[in-house]
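*Asks:* The structure's right below; bear with me while I get my questions together.
The numbers here are math on the coordinates, done by the rules we state, and not lab data. Keep in mind it's a predicted model, so treat the numbers as computed, not measured. As a convention, Cβ positions derive from the backbone with ideal geometry for all residues, glycine included, and neighbour counts pool all protein chains shown.
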Amino acid sequence: MSTQQPLLSVEDLHTWFELRHWGFLRVGSVRAVDGVTFALDHGESVAFVGESGCGKSSLARTLLGLHRPTSGRVVCEGRSLGDLGRAELKAYRGRVGYVQQDPYGALPPFMDIGRILAEPLKVHGVRDRAERERRIEAALAEVRLTPAKTYTSKFPHMLSGGQLQRVVIARALVLEPSLLVADEPVSMLDASVRVEILELLRRIRAQRNLTLAFITHDLSTVRHFADRIFVMYAGRIVEQAPVDELLEHPQHPYTQALLTALADPDPDNAQRERPVPGGEAPSLLHPPTGCRFHPRCPHAMAGTCDVEDPPRFEPRPGHHSACWLHR
Amino acid sequence: MADDPLLSVDGLRLHYRARSGIVHAVDGVSFDVRRNEALVILGESGCGKSSLAKALLRVLPRNVQTFDGSIRVDGEETMGYAEERFRQEIRWQRIGLVMQAAMNALNPVVRVGEQVAEPLRVHLGWSRQRAQARAREVFDLVGVSQDFLERYPFELSGGMRQRVVLAMALIAEPDLVIMDEPTSALDVLTQASIMNRLKRIKRELGTSFILITHDVATSSEIADRVALMYAGQMVEISNAEHFFHDPAHPYAQALMASVPRLHQAERPEHIPGEPPSLADPPAGCRFAERCPKRFGRCAEAPDMLTVEHDRSVRCWLFRYGGNL
């Protein structure tokens, strides 16, 4: 297997959604993903971190081939998604697994777990019933729902949130994908179950050597479960670095603000106020000119940040940040 | 009396009738809230913490089977109050409430200023003008520009709407505000700025808070004391210093170890097993099944035991001279 080539590369990707009034009057475009470039290597675990509305879910859905990019390319093993025909696109979708955010909503309530897991196999042409059952059993064993027999006949409402999320993961694995996209896989779960699911994802990634793209708003969970972090703000990647490097030496003012706003449990927290940048994340319909964080940035330089888009700088080796401060 | 705690809850029970049987959502809960104190009620989903909030303000669904115990406000027993008296004297004036997801329950066709002023008109019979003037003050307090009084909820961001809901709870200057998961649907930065506001309000107005949450990190942002709930009961009530640095109950210890931290190399650990069903709680200690330290005695139900000043724990380990 060639490891020279990344599994997936994304080049200047834009995913915009057209906004219309009354169904036909064009008002503009929501620039959910607006100029994103990165590459994912085989067997790598990366986290996309950002607040709601920063475009991270739209990015995930574009990677999955569920949204068509407005411009730019998603290239998987040398071929652009846009060039794929119908059958090839279907094959591609079989190679990327999707773990949804809300396990309670991701599973059809009227199908039992066995049918839910058989569905992707049927769609992707696994005709042999015994083969399907073998693969379902293997997937359930992999997410530690054993013995499989006790679960395949159950319906989603009979399982707890943690068990449901395991079923969702099993469904994503059943076609043996090479990329797993997990969109906030634990945000709906309790603290004690979260860690369990994250550990599970990590183990599966290591065993299968698959690439994991992990989307989250919670920086504190990424430390132990990802190799690299991409920080997103208003449709763009503003900073990227290996996990420890980014957490110890955040370069972009937005990342710095996020990290100071986040608390580790400590009784002293109650005694101090946290510095928080004013304002709110910008509308993606009319993003600010120049750097998108400049209206809230404590270091904004008039005449630069509000005029010109910052390119990607490399203030430390392997650590990229899109901020004029590094010039 | 001034010596009495602001709120004193004793042996509170709230059971529901459900198809699966009687759900013991709140099952003998006792705690105090002191003046100008923030008590955090911490617990995972399904532990009964939201039911507790509803029980405290008597906003109860129809399928209540049992609702008894004692709720004293300023030393005065309120359980005997008729609904009308409770509504007029306690709810909103003495105790304000921010319900879970309340920011999504604002009336979409009424201007937010009017909605915020409504409790004053309903509970205190104030004129529209007087209530609006007060609404303007409270908007300043929670950090929303007064221009927003004339807006509709859809014109406000999530963070703004949450502040509006908080303004509504504060408008009648209650001594105590109960907030059920006030920031869990919000972004990190918005969450931090709302917590900053709450700290300021507590410091400047001397308001007491009960913050109900599942989020350990957020709870430490305001807690003076922490009450940890498990399967309908309190299992530990400690001051924040004790709770966050040296939790006593085995569940508290396991919960703290499961929290991922930014600045810590150790990996978080999950708690094996699941909490018991509230429809059929075990007879003994409710955490025993998942507890790494269980022993013979745990088949009996432990009582809440005061271990030291400002710390009580529901665990047999402490009956036998401390942490084994």
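*Asks:* Give me a comma-separated list of calculated 3J(HN,Hα) values for segment B:146-162, in order, Karplus coefficients 6.51, -1.76, 1.60 applied at θ = phi - 60°, integers in Hz, x for any Gly or Pro.
*Replies:* 5, 4, 6, 3, 8, 8, 9, x, 5, 7, 10, 6, x, x, 4, 5, 5
*Asks:* When only C-alpha pairs under 8 Å and at least 6 residues apart count, what is the relative contact order of segment B:18-172, in percent?
*Replies:* Details: 136 pairs, mean separation 32.4, N = 155.
Taking the mean separation of contacting Cα pairs over the length of segment B:18-172, I get 21 percent.
*Asks:* If you take every DSSP beta bridge fully contained in segment B:153-245, what fraction is antiparallel? Give it as a percent rounded to 5.
*Replies:* Details: 6 of 11 bridges.
Bridges in segment B:153-245 that DSSP calls antiparallel: roughly 55 percent.
*Asks:* In whole Å, what is the distance between the alpha-carbon centres of segment B:128-171 and segment A:273-327?
*Replies:* Here the two parts' Cα centres lie 30 Å apart.
*Asks:* On to the next question. Rounded to the nearest 20 debye, what is the charge dipole size of the protein assembly as shown about its Cα centre when +1 sits on each Lys and Arg Cβ and -1 on each Asp and Glu Cβ?
*Replies:* Working: 78 positive and 81 negative charges, 378 e Å.
I would put it at about 1820 debye.
*Asks:* Below 13 angstrom from the Cβ of A:K56, what's the summed charge of the other residues (Lys, Arg +1; Asp, Glu -1)? Don't skip to the end; give the middle numbers.
*Replies:* Numbers: positive: A:R61, A:R236; negative: A:D34, A:E51, A:D183, A:E184, A:D218, B:D187.
It works out to a net charge of -4.
*Asks:* If you don't mind, there's one more thing I want to ask. So if we plug the beta-carbon distance of B:E289 and B:D246 into 1/(1 + (r/R0)^6) with R0 = 30 Å, what FRET efficiency do we get, rounded to 0.05? All intermediate terms of the calculation are to be shown ahead of the outcome.
*Replies:* Numbers: r = 25 Å, r/R0 = 0.82.
With R0 = 30 Å, the Cβ-Cβ based efficiency is 0.75.
*Asks:* Against the longest alpha carbon principal axis of chain B, how many degrees, from 0 to 90 and to the nearest 10, is the axis of helix B:188-205 turned?
*Replies:* Result, in degrees: 80.
*Asks:* Also, quick follow-up: Below 8 Å, C-alpha to C-alpha, sequence gap of six or more: please give me the relative contact order for chain A in percent. Provide the component values of the computation, followed by the final result.
*Replies:* Working: 582 pairs, mean separation 63.6, N = 327.
Rounded, it is 19 percent for chain A.
*Asks:* While we're looking at this one, here's another question. Test of understanding: in a Gaussian network model of chain A with alpha carbons linked when under 10 Å, which of A:T150, A:T70, A:T62 would top the mean-square fluctuation ranking?
*Replies:* Per the Cα network of chain A with a 10 Å cutoff, A:T150 tops the list.
*Asks:* For segment B:192-213 and segment B:40-106, what is the separation of their C-alpha centers, rounded to whole Å?
*Replies:* So the separation of the two Cα centres works out to 19 Å.
*Asks:* As I understand it, the dipole of segment B:58-116 uses +1 on the Cβ of Lys and Arg and -1 on the Cβ of Asp and Glu, about the Cα centre. Which of B:Y81, B:Q93, B:N107 lies farthest toward its positive end?
*Replies:* The listed residue farthest towards the positive side: B:N107.
*Asks:* What is the magnitude of the charge dipole of chain B about its Cα centre, with +1 placed on the Cβ of each Lys and Arg, -1 on the Cβ of each Asp and Glu, and no other charges, expressed in debye to the nearest 20?
*Replies:* 560 debye
*Asks:* Over chain A, with a Gaussian network built from C-alpha contacts below 10 Å, which listed residue (A:V123, A:V174, A:V243) shows the highest mean-square fluctuation?
*Replies:* Per the Cα network of chain A with a 10 Å cutoff, A:V123 tops the list.
*Asks:* With Cβ to Cβ distances under 12 Å as the rule, what net charge do the other residues near B:P61 carry (K, R +1; D, E -1)? Before the final figure, lay out the partial values.
*Replies:* Values: positive: B:R17, B:K54, B:R58, B:R62; negative: none.
That sum, taken over residues with Cβ under 12 Å, equals +4.
*Asks:* How about A:K122: which lysines have a C-alpha closer than 24 Å to its C-alpha, ignoring those fewer than 8 places off in the same chain?
*Replies:* Partners found: A:K90, A:K149, A:K154.
*Asks:* In addition: Taking 7 Å along the Cα-to-C-beta vector as the label spot, tell me the A:M158-A:T37 distance in nanometres, rounded to one decimal.
*Replies:* Those two pseudo-labels are separated by 5.3 nm.
*Asks:* Continuing with the same structure: So if each residue of separation counts as 0.36 nm, and I subtract the Cα-Cα distance between B:Q129 and B:E83, what length gain in nm does that give? Mind showing how you got there, number by number?
*Replies:* Values: separation 46, 0.36 × 46 = 16.56 nm, distance 2.87 nm.
Value of the extension gain: 13.7 nm.
*Asks:* I'd like the Karplus ³J(HN,Hα) series for segment A:180-188: coefficients 6.51, -1.76, 1.60, θ = phi - 60°, whole numbers in Hz, and an x wherever there's a Gly or Pro.
*Replies:* Those phi angles translate into 10, 9, 10, 9, 6, x, 10, 5, 8 Hz.
*Asks:* Which lysines have a Cα lying under 23 Å from the Cα of B:K49, excluding residues fewer than 8 positions away in the same chain?
*Replies:* B:K199, B:K202
*Asks:* Related question: Have a look at A:G114, A:H319, A:H299 and report the one farthest towards the positive end of the charge dipole of chain A, computed about the Cα centre with Cβ charges (Lys/Arg +1, Asp/Glu -1).
*Replies:* A:G114
*Asks:* Grab the other residues whose beta carbon is less than 11 angstrom from that of B:P174, score K and R as +1, D and E as -1, and report the net. Mind dumping the intermediate values first?
*Replies:* On the way: positive: B:R91, B:R94; negative: B:E173, B:D175.
Summing Lys and Arg as +1 and Asp and Glu as -1 gives 0.
*Asks:* Could you work out which residue, out of A:L19, A:L63, A:L145, moves most in a Gaussian network model of chain A, that is, has the largest mean-square fluctuation with Cα springs under 10 Å?
*Replies:* Among A:L19, A:L63, A:L145, the largest GNM mean-square fluctuation belongs to A:L19.
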